[in-house]
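Accompanying notes for the structure given below.
The values are calculated or read from the model by the stated rules, or taken from the named source; none is laboratory data. Given the structure is predicted, the values throughout are model-derived calculations rather than measurements. Heads up, the Cβs are rebuilt from the backbone with ideal geometry, glycines too, and the neighbour counts pull from every protein chain shown. Side chains are part of the model used for accessible areas, which takes the heavy atoms of the whole protein and leaves out ligands, DNA and RNA. Shrake-Rupley method; radii C 1.70, N 1.55, O 1.52, S 1.80 Å.
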4 protein chains.
Amino acid sequence: MKYSALRKAVLDANFELYESGLVISTFGNVSAIDRQNGIVAIKPSGVSYKAMNTSDIVVTDLDGTIIDGDMRPSSDLDTHIELYKSFKAIGAVVHTHSFYATAWAQSGRAIPAMGTTHADYFNGTIPVTRQLTDAEIRDDYVRNTGRVIAEALGNNDPLAIPAALVNDHGPFCWGVDAADAVHNAEMLEAVARIAFHSRQISQESLEISAALLDRHFQRKHGKSATYGQPARSKQV
Amino acid sequence: MKYSALRKAVLDANFELYESGLVISTFGNVSAIDRQNGIVAIKPSGVSYKAMNTSDIVVTDLDGTIIDGDMRPSSDLDTHIELYKSFKAIGAVVHTHSFYATAWAQSGRAIPAMGTTHADYFNGTIPVTRQLTDAEIRDDYVRNTGRVIAEALGNNDPLAIPAALVNDHGPFCWGVDAADAVHNAEMLEAVARIAFHSRQISQESLEISAALLDRHFQRKHGKSATYGQPARSKQV
Amino acid sequence: MKYSALRKAVLDANFELYESGLVISTFGNVSAIDRQNGIVAIKPSGVSYKAMNTSDIVVTDLDGTIIDGDMRPSSDLDTHIELYKSFKAIGAVVHTHSFYATAWAQSGRAIPAMGTTHADYFNGTIPVTRQLTDAEIRDDYVRNTGRVIAEALGNNDPLAIPAALVNDHGPFCWGVDAADAVHNAEMLEAVARIAFHSRQISQESLEISAALLDRHFQRKHGKSATYGQPARSKQV
Amino acid sequence: MKYSALRKAVLDANFELYESGLVISTFGNVSAIDRQNGIVAIKPSGVSYKAMNTSDIVVTDLDGTIIDGDMRPSSDLDTHIELYKSFKAIGAVVHTHSFYATAWAQSGRAIPAMGTTHADYFNGTIPVTRQLTDAEIRDDYVRNTGRVIAEALGNNDPLAIPAALVNDHGPFCWGVDAADAVHNAEMLEAVARIAFHSRQISQESLEISAALLDRHFQRKHGKSATYGQPARSKQV
């Protein structure tokens, strides 16, 4: 089988995503990119997680043309591709309808950094996209979803804020590889859940200071990171 | 055993419903109809899910008369029959007291389409019935429950909005067959849960645009559906 | 071993309670009464559910004197005994700190009947006791807890409203036997959870009509009950 | 292996913490102190719970210098050490980002005693620290976290209020030994969860009386404790 290592990583990440409880029904997909060969491996559309195996993972080029695989790719493929084009440093994309992140998305609200759990993974507010126009929904909807995500990120480093909420829809996350992107999806849901409950307790602005935000993000991700064991760049 | 295929489908769907976590105690039941033979197969009343087998499934005609089976049918039988009479295209009915859908029902509030998770399964607001009058509660209560559901659906296509909330009570769902109806019950609960949390974050109207509602419902259910694999009409 | 049947029923009910997820740490206990012999069997105090066996169940008389058993009885024993004295028709008592019922108790609010799930088990508002006075807390606290429960029930039939919330504390439930009382504790938590969420959706009074309340309670519990199978008085 | 008994107790407590569901990702750690030898055993930083074994537990002195072990200690080590220095009676410290306790911490609110579940473990309000200044975040952040906890406890007996919420961050708990500290962390989360829901039901002050607070705390922890079996000082 061609591209079996990339496929295997995508399959394993889809399983991990399913086991994490973030997926409602079949609403979840992981892809990963091999930038050298210009190919993307992605979950097939609407296939049960239980029945999936490596050969079901679909391989396409960056135009979305199928290079290898018998299945139809996830219907979100064009969003993934758009994100790979916009964010050159990322290696994988994850989409879920996880409960709390989706509730924030449906409410049209970004998630401010309310605590250090947030700061450990997201170096600032997790943005929400603007709503798509009717024209953007009618034509090239899936690609436009990727475009408003890139617009919402603006000049932020995608690896410093590895998630966004698509308005009226749900979260997209990303990372350096498939396992990292799935881990970010899990942390987004945890952060969204704690933020939801914090806001219920207090309606005041709960945003933490820039000093604390930076202290925690750098502790895990900066050049002088002190978290985890030296030989490992990041603990998953 | 007579009607064993229909009975088996109903039994399996009842087990799936139980495993989905939607059922509180024995508050859940699935039926399916064989329109050619004019018979309905339904869960027996108040029997533990663990102990149920195919022969326990009760078979009745469309007047509710038992055709085959030793058990008493679900006490909700007349509601199911009323729905089969009103909605000619449906093949199965599911009733649960799933938490979030029941909370909306108890609140007397319909669930507007607040996001694409909703739009993927329900092509508009999930209606809530009016409250039954005292007279409707005293006489023919169970059948009247079916009548107010049909009244609440109005001119909507029941397969485009495959659920309704009975005021002060809980949800009824339906579908083309027993597995589809159970899947719709699971999706209703997920949609009700996300909608609950969305409303807690923002009290504004969160209804999505008609364009987005239609785009998502047609993606999964329209004639030119692009979701899932070509050979399969719908992924469950 | 003496009283082994009663002890076994109490042990099994304690296990069922533990498996139901209603128990926080060791905060839960079940007792049952043998009215002919005037004895009560109750869980030992602060013993892990995993390690408990039939001989650990403590047997006392109605003054709380240990008749048989090597362990110290639950520190709530005097509340149980007070309930057996006040409510002559009950055969078992259950105490938990289950989350939603305890939240209502801590809020000092009774749970009105907001839907049919409630009505199927509780024929009216689930009462909350008044707060104990400092004197009642200082002297004979545990027995006084039983007294304010009886006071809160007033003239209601304890088997028609088989639960009460002790203000600032948590729920006590009861039933005809140990299995029935545990089932009522499970249903109380489900009802408290749905009621909590209903109130979050709508702040209006959500109390159902007397006609609907009665229709549902009688369906399961009245002389002409139509729920369940004829040979069984009640499904658990 | 040196200090194997202390290491084993810390390892077991970390596993118990993981199984309790209180830990998000690797955000949780337990340490214990051997006061006679002036050493602390603590979880290694960012290591997966599944892969951890006794030799991974890091042993340091009270200056944070590693005495034994090949791994880097938890990045929260200096907070643990500061607590051991401030609270002479405690034998173990636990840190988690458990959901409800963290939501209270992010909201900057202390948790008043709203019921007896709280009173059984915490003899008064569970305090929240003040926010750290930018200077305290920049220099010696981890140790300063311990300092504001000690400041928040003030003159309270740390074993009477064995937890505090670090503002913008999450809970720290402690106890006489590692198992006790983990149990307190579990009870803190339960108490925080019930308190959250109580406040949603009623916005009134829900603080219980001093008499009830004292009655329950003394029942479990006082010299004349009546809870549990005589031979055991405390049930875990």
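Numbers for the structure displayed
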| quantity | calculated |
| --- | --- |
| 10 Å Cβ neighbours from other chains, averaged over peptide B:116-123 | 4 |
| For q = 0.18, 0.21, 0.24 Å⁻¹, Debye-computed log10 I/I(0) when each Cα of the stretch B:128-195 counts as one equal scatterer | -0.71, -0.91, -1.08 |
| Long-range HN-HN contacts of residue D:115 with modeled amide H, under 5 Å | D:208 |
| Rg/Rg_globular for the stretch B:45-84, with Rg_globular taken as 2.2 N^0.38 Å and Rg from C-alpha atoms | 1.16 |
| Computed Kirkwood radius, in angstrom, where 1/r is averaged over Cα pairs of the stretch A:1-98 | 13.1 |
| For the stretch D:147-236, the spread of Cα positions along each principal axis, largest first, Å | 41, 32, 24 |
| Computed E for residue C:89/residue C:226 - FRET, C-beta separation, R0 25 angstrom, nearest 0.05 | 0.60 |
| ³J(HN,Hα), Karplus 6.51/-1.76/1.60, whole Hz, each residue of the stretch C:122-139, x for Gly, Pro | 10, 8, x, 4, 7, x, 10, 6, 5, 6, 6, 6, 4, 5, 5, 6, 5, 10 |
| For residue C:67, distant residues with modelled amide H under 5 Å away | C:59, C:60, C:61 |
| Cβ-placed point charges (K, R +1; D, E -1), dipole of the protein assembly as shown about Cα centre in debye, nearest 20 | 500 |
| D_trans [Stokes-Einstein, Kirkwood Rh over alpha-carbon pairs] for the stretch C:106-163, 10 °C, 1.306 mPa s, µm² s⁻¹ | 127 |
| When the stretch B:76-176 is reduced to its Cα atoms, the Kirkwood hydrodynamic radius in Å | 13.5 |
| Distant-in-sequence amide H partners of residue D:24 (H built 1.01 Å from N, under 5 Å) | D:97 |
| Theoretical FRET efficiency, 1/(1+(r/R0)^6), r = Cβ-Cβ of residue D:65 and residue A:210, R0 51 Å, to 0.05 | 0.95 |
| Hz values of 3J(HN,Hα) by residue in the stretch D:57-64 - Karplus curve (6.51, -1.76, 1.60), Gly and Pro given as x | 5, 9, 10, 10, 8, 7, 9, x |
| Residue mean of other protein chain beta carbons inside 10 Å, A:71-80 | 2 |
| Heavy-atom accessible surface of the stretch B:4-221: percent carbon and sulfur, 1.4 Å | 45 |
| Debye equation applied to the C-alpha atoms of the stretch A:4-221, log10 I(q)/I(0) at 0.09, 0.13 Å⁻¹ | -0.33, -0.69 |
| Loop-resident sites, the stretch A:48-125, for trypsin sites (Lys or Arg not before Pro), counting at most 10 other Cβ within 10 Å (DSSP) | A:88 |
| Note, ³J(HN,Hα) from phi for the stretch D:190-201, Karplus 6.51, -1.76, 1.60, rounded to Hz, x at Gly and Pro | 4, 5, 5, 5, 5, 4, 4, 6, 4, 5, 5, 6 |
| Qualifying trypsin sites (Lys or Arg not before Pro) for the stretch B:115-176 [loop in DSSP, other Cβ within 10 Å: at most 15] | B:130 |
| FRET efficiency for residue A:156 and residue D:156, using Cβ-Cβ distance with R0 set to 35 Å, rounded to 0.05 | 0.20 |
| Per-selection metrics, the stretch D:41-119 (Cα): Rg and Dmax in Å | 15.7, 45 |
| For A:39-50, mean number of other protein chain Cβ atoms within 10 Å | 2 |
| Scattering curve values for the protein assembly as shown, log₁₀ I(q)/I(0), Debye with Cα scatterers, q = 0.05, 0.09, 0.10 Å⁻¹ | -0.31, -1.05, -1.28 |
